[in-house]
Each structure stands twice: as structure tokens, then as C-alpha cells.
1. Which one of these is part of a helix (DSSP H, G or I), more than 14 Å from GLN16 (Cβ to Cβ) and under 10 Å from the mean Cα position of the chain (by Cα): LEU56, LEU51?
2. Which residue pairs have Cβ atoms closer than 6 Å, lie 6 or more positions apart in sequence or on different chains, and pair a first residue in the stretch 22-35 that is surrounded by 12 or more Cβ atoms within 10 Å (Cβ to Cβ) and modelled with pLDDT of 95 or more with a second residue that is of a type outside the set (A, V, I, L, M, F, W, C) and outside any loop (DSSP other than H, G, I, E, B)?
3. Can you spot a residue in the stretch 68-78 that is of a type in the set (Val, Ile, Thr) and outside any helix (DSSP H, G or I)?
Amino acid sequence: MSSTARRFSATMNHMQLTIRLLRETDGRWIADVSELPGVTVYGASAEEATLKAKALALRVIAEEIEHGEMKAPADTLQFSVAA
């Protein structure tokens, strides 16, 4: 069982993901989803980085469901942004 399957086997089949944003010294924004290792992206703006992080997180979740790595896929998904 993958670590993601263990993290999201909570009640109510609800998945809460937090996008963390940081501004680099060169002006780019980096966004990561701590609940999904490897989901880290760059964007020219905070909005672009947030959108890219959401898209990558959804791809990772879809692949884990498709490959049977997420045993209890969520019925609902919510993103929150922590700057």
C-alpha cells in the first residue's frame, strides 16, 4: 500500500490538500503539495504556480487510482493555499 493510500484512508472519503507558496529571490513562485511528495512546480506568478500545482496533484492522484495504489479514493477533494 502506498503512503498516499494510508494518508487518505480517513473517514468520509474527503481529501484535503494544502498548496504552499514561496517566492524565490529571482521573482518566480514555487508551489508544492506536502501531502503528495514530488508535487512541486514553478510559476511566473502565485496564481500560475497554484494552477500548475493543482493540475499536477490531480495527475498524481489519477495515476495512483488507475494503478490501484490509492485504495480509498476520495469522493471530494479540496485545495487550500498557504502562502
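1. Values: LEU51 fails: under 10 Å from the mean Cα position of the chain (by Cα).
Answer to the check: LEU56.
2. Close Cβ pairs satisfying both conditions: ARG28/TYR42; TRP29/ARG23; TRP29/GLY43; ILE30/TYR42; ALA31/THR50; ASP32/ARG20; ASP32/THR40.
3. So the first thing to find is which residues in the stretch 68-78 are of a type in the set (Val, Ile, Thr), and the list is 76.
Still in the running and outside any helix (DSSP H, G or I): 76.
Yes, there is a match, as at least one residue in the stretch 68-78 is of a type in the set (Val, Ile, Thr) and outside any helix (DSSP H, G or I).
The values are calculated or read from the model by the stated rules, or taken from the named source; none is laboratory data. This is a predicted model, so every value here is computed, not measured. As a convention, Cβ positions derive from the backbone with ideal geometry for all residues, glycine included, and neighbour counts pool all protein chains shown.
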